[in-house]
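Beneath this line is the structure, given in structure tokens, with notes to follow.
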Amino acid sequence: MFAYRLAKYVASMSVGAGRLDAVVFTGGIGENSSFLRAEVINQLGFLGLKLDTAANEACIRGNAGRITSADSVPALVINTNEELMIAMDTANWPVWPSKEGARSCRHSFSPPPASTPD
């Protein structure tokens, strides 16, 4: 069911774009499930995708690359480092001013209002 829905959304977006330039699989499932990638690519065959089974099986656990034949619309497996991106975003999170004074903050929004004693 998941592969069907993913293929359906890729197909619908290609209609909106007027073409399909490539399909990119990334993240945990996209990088590590050759079965899911094969199911999606096979369902998208009518859009010009032809699975290269050996290449698809080779792209797992950190191996990236093209998983469709040379005469096909490209489908690629691209590695991500989601944990690194989360850590970098967290490191750039704004720090509210302290009693000693404001610390640097890359964002331009105001801290919550200070509570006042009644």
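Among residues that are surrounded by 16 or more Cβ atoms within 10 Å (Cβ to Cβ) and under 24 Å from residue 64 (Cβ atoms), residue 38 is included.
Looking across the range 7-29, the residues that are under 22 Å from residue 82 (Cα atoms) and assigned to a helix (DSSP H, G or I) come down to 27, 28, 29. Scanning the range 45-72 for residues that are of a type in the set (A, V, I, L, M, F, W, C) and within 19 Å of the chain's Cα centre (by Cα) returns 59, 60, 64, 67. Among the residues of this structure, residue 31 counts as one that is out of contact with any helix residue (DSSP H, G or I) (no Cβ under 9 Å at 6 or more places or on another chain) and among the charged types (D, E, K, R). Counting only residues that are in contact with a strand residue (DSSP E or B) (Cβ under 6 Å, 6 or more places away or on another chain) and open to solvent by 80 Å² or more (accessible area, probe 1.4 Å), the range 1-33 holds 1 of them. For the condition touching a residue at least 12 places away in the same chain (Cβ under 8 Å), out of contact with any His (no Cβ under 6 Å at 6 or more places or on another chain), at positive phi and not β-branched (Val, Ile, Thr), residue 27 qualifies.
The values are calculated or read from the model by the stated rules, or taken from the named source; none is laboratory data. From a predicted model like this one, the values you see are computed outputs, not experimental measurements. Please note: Cβ atoms are built from the backbone with ideal geometry, for glycine as well, and neighbour counts cover all protein chains shown. Areas reflect the complete protein model, heavy atoms only, side chains present, ligands, DNA and RNA absent. Shrake-Rupley method; radii C 1.70, N 1.55, O 1.52, S 1.80 Å.
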